[in-house]
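Here, each number is a calculation from the coordinates, and none is a lab measurement. All of these numbers come straight from a predicted model, not from anything done at the bench. Glycine gets a Cβ as well: all are built from the backbone with ideal geometry, and neighbour counts include every protein chain shown.
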Amino acid sequence: MTIKKKRAGNSKTKRRFAQTPPSDRGGQVTKAEKQSEKTALPGGKKPKIHSDAAPKAKSKIASVVALLERSDGAALGDIVAATGWQAHSARAALTGLRKKGHTIEKSKIGGVTRYSIEVA
């Protein structure tokens, strides 16, 4: 005695494929196409959307640069506290700043390594 398994899915449901162009649909235009025609600019460009929301928050790397620009610079613990990063991530950020062209100086004051950046 053999038992036949039912196929997964319902064979009566219609599969959805990519939409056919309007010319193949007898001139019918979809709702999405109508909306895109309303918002399109000349030349097919999409409009830029500007919101009147609050300006973008200061980035973490910008706060690191601000710490490094202080007269006494910043210790690794200062950077970790300001950003919430792990120590290895803070050191990687310093390396990234070096690669971007910043000159970062390292000095040891009172047994604590402090990093500073030259202000241009």
Seminar exercise, completed: Checked the range 70-119 with the C-alpha gyration tensor, a ≥ b ≥ c its square-rooted eigenvalues, rounded below a/c of 1.5, otherwise prolate if a/b is larger than b/c and oblate if not; verdict oblate
Problem set entry | Using θ = phi - 60° and Karplus 6.51 cos²θ - 1.76 cosθ + 1.60, couplings along the range 81-94 (whole Hz; Gly, Pro as x) | 5, 6, 9, x, 7, 6, 4, 5, 6, 5, 5, 5, 5, 5
Problem set entry | Segments 84-93, 61-70, 100-109 sorted - mean Cβ within 10 Å per residue, highest first | 61-70, 84-93, 100-109
